[in-house]
1. Is the range 1-73 rounded, prolate or oblate when judged by the Cα gyration tensor, a ≥ b ≥ c being the square roots of its eigenvalues, rounded requiring a/c under 1.5 and prolate requiring a/b larger than b/c?
2. Can you check how the C-alpha radius of gyration of the chain compares to 2.2 N^0.38 Å, as a plain ratio?
3. Contour minus end-to-end for residue 54 and residue 111, with contour as 0.36 nm per residue of separation and end-to-end as the Cα-Cα distance?
4. Would you mind telling me which residue in 204, 243, 166 has the biggest mean-square fluctuation in a Gaussian network model of the chain, where springs connect alpha carbons within a distance under 10 angstrom?
5. For residue 321 and residue 154 in the same chain, what is the full-extension length gain: residue separation times 0.36 nm, less their Cα-Cα distance, in nm?
6. Restricting the calculation to Cα positions, tell me the Rg (one decimal) and the Dmax (whole number) of the range 112-176 in Å.
7. Taking the Cα-to-Cβ direction at residue 221 and at residue 341 and moving 7 Å from each Cα, how far apart do the two end points lie in nm?
8. Among rounded, prolate and oblate, which fits the range 201-281 when a ≥ b ≥ c are the square roots of the eigenvalues of its C-alpha gyration tensor, a/c under 1.5 means rounded, and a/b larger than b/c means prolate?
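Coordinate-derived values only; no laboratory data. On a predicted model such as this, the values are computed, not experimentally measured, just so you know. In this analysis, Cβ positions are derived from the backbone assuming ideal geometry, glycine residues included, and neighbour counts consider all displayed protein chains.
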Amino acid sequence: MLQTNRSTLTQFLIEERRRFPGATGDFNALILDVTLACKAIASAVAYGELGGAMGNHAPDAGGSVNVQGETQKKLDVLSNEVFIQRTEWSGHLAGMASEEMDLPHQIPAQYPRGHYLLVFDPLDGSSNIDVNVSVGSIFSVLRAPQAVIDSGRDVVEADFLQPGATQMAAGYALYGPTTMLILTVGRGVNGFTLDPNLGEFMLTHPDIKVPPDTQEFAINASNSRFWEAPVKRYVDECLAGKTGPRGKDFNMRWIASMVAEAHRILMRGGVFLYPRDTKDPSKPGRLRLLYEANPVGMIMEQAGGRASTGREPMMGVLPTSLHQRIGLVFGSKNEVERIERYHREPAQAKEGEPLFASRSLFRD
Ligand code: FBP
């Protein structure tokens, strides 16, 4: 039964804007353009093989590889194009950057340029597309540097290298059993569910708060031999459960779609770790700072959770490159702070801790 008393996303944004009498409405219009792109991607994802969008991109040409060295899925490329088409014409953007594009995307000359930069991961969790597991789109809005706004010049990589704390807005769309949008414009976090009949995002989860404590962690345990000692200690203690120093049992989850993990944690708490490890010394982490760690980090912090590199707050990290990778830990505040503390504490003495004995699950 349709609940007519719910706010739409448009209504929510207009009510938010009323708090800023001087606001032009450009920011709201940009958010609505981005969420229209998400609706279009939700439809392509939902059609699956029927829409011919499954599988690798350009298979006849041996596939295509993005700047990350990852094989691009058809939906990766399609989603990237949808984000560009839905946002570049509006006059709100000075430029954009994406996981699927080596360099920043310039706003074509026929369109006016605006005050904002859009950074996005058009389809997160790509490895799950062909197996029908939830995937999503992640976005972050930054203010363009004044020099860009004043001159109208083309954007360069350096314009995007702003710490997470300067984000104007961040969000993700989750393409799961329902399509949901999670959004922060810097005043808490709100969740919207796409009403497929109306084609509107309806406010269903106002003012989301992440529980400060949890008994659920998410990490790809197949990387355990590459983990640093503080992460091994943390996971081992979780696995030791009641019999160990934590004195309580923990459950584990790993969906391999970060956006789906973030959503679970927003809904019921938890902690997600894709830490820096020794697997590939040239990569100080698996996930990307600008369009994965920073937007999810802002959402977590705005919902009372915490986001960290494991050593320092994520929102304070000064980016050095567009596709920079970083170790990422986020979720329930007290758990993330414990992991940060373990990184500050000297390495634990091995003896006396059964799990760290020679028969430990995660031996060095
Ligand atoms: P992309 O799909 O955008 O490249 O994202 C990376 C990602 O899929 C995350 O969503 C997820 O948390 C992680 O990689 C899974 O990594 P792994 O394959 O090591 O489990």
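1. Details: a/c = 4.98, a/b = 1.94, b/c = 2.57.
Here the range 1-73 falls in the oblate category.
2. Numbers: Rg = 20.9 Å, N = 364, 2.2 N^0.38 = 20.7 Å.
Against the empirical 2.2 N^0.38 Å value, I get 1.01 for the chain.
3. Details: separation 57, 0.36 × 57 = 20.52 nm, distance 3.21 nm.
This chain segment gains 17.3 nm when fully extended.
4. Of the options given, 243 has the highest mean-square fluctuation.
5. On the way: separation 167, 0.36 × 167 = 60.12 nm, distance 1.74 nm.
Once the chain is fully extended between residue 321 and residue 154, it gains 58.4 nm.
6. 15.0, 47
7. Using points 7 Å along Cα→Cβ, the separation is 2.5 nm.
8. Working: a/c = 2.84, a/b = 1.44, b/c = 1.97.
Oblate.
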